[in-house]
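Below is one structure, written out as structure tokens; the observations come after it.
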Amino acid sequence: VAGKVLWHVTMSLDGFIAGADDEMDWVFEVDAAPSATAEEMIETMGAILAGRRWYDMVTARYGSREGIYGPKGVYGGRWRGPIFVLTHRPSDVRDDAGVTLLSDGIEEAIATARAAAEGKNVVVFGATIAEQCLEAGLLDEIVVHLAPLLLGDGVRLYGEPGVGRIGLERTALAESGQLTDLRFRVAQPGSSPPATS
Ligand SMILES: NC(=O)c1ccc[n+]([C@@H]2O[C@H](COP(=O)([O-])OP(=O)(O)OC[C@H]3O[C@@H](n4cnc5c(N)ncnc54)[C@H](OP(=O)(O)O)[C@@H]3O)[C@@H](O)[C@H]2O)c1
């Protein structure tokens, strides 16, 4: 069974996924509760595809092992699996977290992550990778935890002048403490709009 490609992201109410200077501590300060959505993500994900900025940020702040598998790492350190990072600065040196750096186009990178995921889902992190997947028609779903704060500045979820509009269909809505969990199916180019009943 081929897994899906999901974008999993925590976003402030004003649409930022990181604060100024890539600040991410706000994510851990929200009064969250156990989230069925997050649990399902952890259980069904087989690989991660992220961008170099995310990787450099977590490794510079916390060290690669701690930044990825520690309490402030990926899913609070509760997930283990293959992680791929797209970069124009490849290296054969393996870090101590076992991350693989790739310099492929987005199609090839997703194919690599899919093969490693062995039928489970591929989860993409950050804005630039998701945007490339959306452009290439490769993203199946967006899973958002909406955080109750206004960051005012930082890394936007999506969009720059001239970028196209993308249709979505909301498929789930739940609360986990102060977070609102939202799940959307991406309308692929040329597909018919979601049915309304
Ligand atoms: N809120 C959340 O849930 C969440 C989750 C993950 C990350 N984040 C935050 O989001 C921010 C990072 O996101 P971002 O979208 O700005 O950056 P990013 O995707 O992490 O990194 C962008 C960089 O990745 C490399 N890259 C991307 N596509 C490539 C391609 N096709 N080929 C080769 N290299 C490629 C390039 O780096 P080089 O050219 O330098 O190699 C590019 O500058 C960070 O602040 C991170 O903490 C938030």
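We did not get these values from a lab; they are worked out from the coordinates using the rules stated. All values derive from a computational prediction rather than experimental measurement. Note: ideal-geometry Cβ built from the backbone for every residue, glycine included; neighbour counts use all protein chains shown.
So what is the 222 nm mean residue ellipticity for the chain from helices alone, if each DSSP H run of at least 4 adds -39500 (n - 2.57) and you divide by all residues, rounding to the nearest 500 deg cm²/dmol? List each step's numbers first, then the result.
On the way: 6 runs with 52 residues, N = 197.
That calculation yields -7500 deg cm²/dmol at 222 nm.
Given an 8 Å cut-off on Cα distances and at least 6 residues of separation, report the relative contact order of the chain as a percent.
34
Among DSSP beta bridges whose residues both lie in region 39-197, state the antiparallel percentage, nearest 5.
Values: 14 of 25 bridges.
The answer is about 55 percent antiparallel.
Taking 0.36 nm per residue of separation and subtracting the Cα-Cα distance, what length does fully extending Ala20 through Arg156 add? Write down the numbers at each step before the final one.
Values: separation 136, 0.36 × 136 = 48.96 nm, distance 1.03 nm.
Extra length available between Ala20 and Arg156 comes to 47.9 nm.
Which order do peptides 31-41, 136-146 fall in by mean Cβ count within 10 Å, highest first?
Values: 31-41: 14.5, 136-146: 18.8.
Ranking, from highest mean packing down: 136-146, 31-41.
Any idea how far apart Ala33 and Leu102 come out in nm if each label point goes 7 Å out from Cα toward Cβ?
Once both label points are built, they end up 3.8 nm from each other.
What nm distance separates the two modelled labels at Ile42 and Thr171, each placed 7 Å from Cα along Cα→Cβ?
So the two model labels end up 2.2 nm from each other.
Over region 1-122, with a single point scatterer placed on each C-alpha, what log10 of the ratio I(q)/I(0) does the Debye formula yield at q = 0.09, 0.10, 0.12, 0.22 1/Å?
-0.25, -0.31, -0.46, -1.53
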